[in-house]
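K.L.:
Next up is a structure, given as structure tokens.
The values are calculated or read from the model by the stated rules, or taken from the named source; none is laboratory data. Predicted, not measured: the structure shown is a model, and the values here were computed from it. Backbone-built Cβ (ideal geometry, glycine too); neighbour counts: all protein chains shown. The area values use the complete protein model at the heavy-atom level, side chains included, leaving out ligands, DNA and RNA. Shrake-Rupley method; radii C 1.70, N 1.55, O 1.52, S 1.80 Å.
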Amino acid sequence: MNGGTIGLIMRTDNNPFSIKIREGAECPAKELGLKLVTASGKFDSDNDSQVAAIENMISAGAKGIAIVPSDPKAIIPTIKKARDAGVKVVVLDTPLDPMDAADATFATDNRRAGMLIGQWAAKTLGNKATDAKIVFLDLSTNQPTVDYLGDQGFMQGFGIDVKDPNKYGDEDDQRICGHEISYGDQENGRKAMEHALQSCPDVNLVYTINEAAAAGAWEALKAVGKGDGSVVIVSIGGGCSGVKNVQAGVIGATSQQYPRKMGAMAIYAIASRTWPRIVSDFVDTGAQLITDNPVEGVESIDTATAAKLCWG
């Protein structure tokens, strides 16, 4: 595909995770002589902008498109339109629902990433896990796959009975104080935690969709005298700021993802003359638990090691 065009569409273009996916895609695109055209939504759940971007890339003759979907269900008709036009479509980070609506998916196994922090939290709390008070800071109201997979993976790892495997919020475990929406943002994470504290002042465990939300949660907890480690915060991400917050004790443990790897693998796959047939059309780009307080039976790396692998 030397000299061809490949599109890369992000949810937004202004967060560190998106930036690292783009950087990961730029190197192999340059190496292979490809023109990389990028686009993104104006905000995290902006499906309309992603639809327009795909249609523009089809019109421009793109041979392939890699996309981090804002809405894994609503984008499917437009992805079908691209594939029907002969455009290969690779999904990054957030699997479609259903996943096989794309040619392939390169992503963290978010259920496993959540399970790692759930297992760590359960063993860290020990006897206190049986009567824990847990707040969830989730991503968005439309519950994209990356949102419910991480959320439910944490529940499974912690020992909470998951009901519908494709959504959260229907659990009946009394340890769950509630689900709040953070939009994966520090300021909204702080506001979500403040709201949660009104109904759950005795919270002792907080799950967050990402490390920006975790930082916001800690700010809210600190403001009411709970920034002393009495509330355990766990997250998913592995960005450099998140690793520093694990080292500082703000976050107890996080699962590290590898966005540069996602971006690079997608470009190589789209550019290959022989489209790789991948088992279940899913490539797990990996996740490792990061903590400086390891527990028996849950494999982890420390912050010194994670800092060499972090992004952002």
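K.L.:
Considering the chain as a Gaussian network with a 10 Å cut-off on Cα pairs, which listed residue, 248, 82, 102, attains the greatest mean-square fluctuation?
P.N.:
Maximum among the listed residues: 248.
K.L.:
Please calculate how many Å² of accessible area the range 169-312 carries per residue, with a 1.4 Å probe and no DNA, RNA or ligand atoms counted.
P.N.:
Details: 6560 Å² over 144 residues.
It amounts to 46 Å² per residue over the range 169-312.
K.L.:
While we're here: Please report the relative contact order for the chain, taking Cα pairs under 8 Å with a sequence separation of at least 6, and give it as a percent rounded to a whole number. Write out the running numbers ahead of the final one.
P.N.:
Values: 720 pairs, mean separation 60.3, N = 312.
About 19 percent, as a whole number.
K.L.:
What distance in nm lies between label points placed 7 Å from Cα along the C-beta direction at residue 44 and residue 123?
P.N.:
For residue 44 paired with residue 123, the spin-label model returns 3.0 nm.
K.L.:
Now a separate question. Ignoring ligands, DNA and RNA, what percent of the 1.4 Å accessible area of the chain is carbon and sulfur?
P.N.:
On the way: 6370 of 13210 Å².
That fraction is 48 percent.
K.L.:
Cα axis of helix 145-158 to longest principal axis of the chain: angle in degrees, 0 to 90, nearest 10?
P.N.:
30 degrees
K.L.:
Once phi is turned into ³J(HN,Hα) by the Karplus curve 6.51 cos²θ - 1.76 cosθ + 1.60 with θ = phi - 60°, what whole-Hz value does each residue of the range 7-22 show in order, with x for glycine and proline?
P.N.:
Whole-Hz 3J(HN,Hα) from phi for the range 7-22: x, 10, 10, 9, 5, 9, 10, 10, 10, x, 5, 4, 4, 6, 4, 4.
K.L.:
Can you give me the solvent accessible area of residue 301 with a 1.4 Å probe, rounded to the nearest 10 Å²?
P.N.:
30 Å²
K.L.:
Right, something else. For the pairs 30/73; 42/191; 163/244, flag any whose C-alpha to C-alpha distance is greater than 24 Å.
P.N.:
30/73; 163/244
K.L.:
Tell me which aspartates and glutamates have Cα within less than 14 Å of residue 20's Cα, excluding those fewer than 8 residues away on the same chain?
P.N.:
Answer for residue 20, where 14 Å is the Cα cut-off: 93, listed by chain and number.
K.L.:
Follow-up. Mean residue ellipticity at 222 nm from the helices of the chain, using -39,500 (n - 2.57) per DSSP H segment of n ≥ 4 over the full residue count, to the nearest 500 deg cm²/dmol? Kindly include the intermediate steps, with their values, before the conclusion.
P.N.:
Numbers: 10 runs with 121 residues, N = 312.
About -12000 deg cm²/dmol.
K.L.:
With Cβ to Cβ distances under 11 Å as the rule, what net charge do the other residues near residue 204 carry (K, R +1; D, E -1)? Don't jump to the answer; show the numbers that get you there.
P.N.:
Numbers: positive: 128, 133, 175, 226; negative: 131, 202.
Once positives and negatives cancel, what remains is +2.
K.L.:
Which lysines have a Cα less than 16 Å from the Cα of residue 123, not counting those fewer than 8 places away in the same chain?
P.N.:
Of all the lysines, those that pass the test against residue 123 - Cα under 16 Å, at least 8 places apart if same chain - are 133.
K.L.:
Counting Lys +1, Arg +1, Asp -1, Glu -1, what net charge surrounds residue 251 among other residues with beta carbon under 12 Å of its beta carbon? Each step should come with its number before you reach the end.
P.N.:
On the way: positive: 244; negative: 211, 292.
Around residue 251, the charge tally is -1.
K.L.:
For the chain, modelled as a GNM with alpha-carbon contacts under 10 angstrom, which of 174, 119, 198 fluctuates the most?
P.N.:
Judging by the Gaussian network model, the answer is 198.
K.L.:
Moving on. Is the shape of the range 118-205 rounded, prolate or oblate, going by the alpha carbon gyration tensor and its root eigenvalues a ≥ b ≥ c, with a/c under 1.5 for rounded and a/b larger than b/c for prolate? Could you put the intermediate results ahead of the total?
P.N.:
Working: a/c = 1.71, a/b = 1.13, b/c = 1.51.
Oblate shape, in that a/c is at least 1.5 and b/c is the bigger or equal ratio.
K.L.:
Now a separate question. Per residue of the range 180-189, in order, report the coupling 6.51 cos²θ - 1.76 cosθ + 1.60 (Karplus, θ = phi - 60°) as ³J(HN,Hα) in whole Hz, putting x for Gly and Pro.
P.N.:
10, 9, 10, 6, x, 10, 5, 5, 5, x
K.L.:
Calculated from the structure, log10 I(q)/I(0) by the Debye sum over Cα atoms at q = 0.10, 0.12, 0.15 Å⁻¹ equals which of (1) -0.70, -0.95, -1.23; (2) -0.57, -0.83, -1.29; (3) -0.54, -0.75, -1.11?
P.N.:
(3)
K.L.:
Looking at the square roots a ≥ b ≥ c of the eigenvalues of the Cα gyration tensor of the range 1-99, which shape do they give, rounded for a/c under 1.5, prolate if a/b is larger than b/c, or oblate?
P.N.:
On the way: a/c = 1.76, a/b = 1.15, b/c = 1.52.
Oblate shape, in that a/c is at least 1.5 and b/c is the bigger or equal ratio.
K.L.:
Something else: Can you list the cysteines of the chain that have no other Cys Cβ under 4.7 Å away?
P.N.:
27
K.L.:
How much accessible area per residue does the range 16-141 have, counting only protein heavy atoms and a probe of 1.4 Å, in square angstrom? Before the final figure, lay out the partial values.
P.N.:
On the way: 5170 Å² over 126 residues.
That works out to 41 Å² per residue.
K.L.:
What is the distance, in nm, between label points placed 7 Å from the Cα along the Cα-to-Cβ direction at residue 80 and at residue 99?
P.N.:
2.1 nm
K.L.:
Something else now. Show which aspartates and glutamates lie in cross-link reach of residue 128 when reach means a straight Cα distance below 16 angstrom and same-chain residues fewer than eight apart are skipped.
P.N.:
Correct list for residue 128: 173, 202.
K.L.:
Could you tally the net charge around residue 170, taking each other residue with its Cβ under 10 Å from the Cβ of residue 170, Lys/Arg +1 and Asp/Glu -1? The partial results should precede the final answer.
P.N.:
Working: positive: 163, 167; negative: 164, 171, 172.
Every neighbour counted, the sum reads -1.
K.L.:
Placing +1 at every Lys and Arg Cβ and -1 at every Asp and Glu Cβ, with all other atoms neutral, what dipole size does the chain have around its Cα centre, in debye to the nearest 20? If you can, show how the numbers build up before the last one.
P.N.:
Details: 30 positive and 39 negative charges, 206 e Å.
With only Lys, Arg, Asp and Glu charged at Cβ, the dipole is about 1000 debye.
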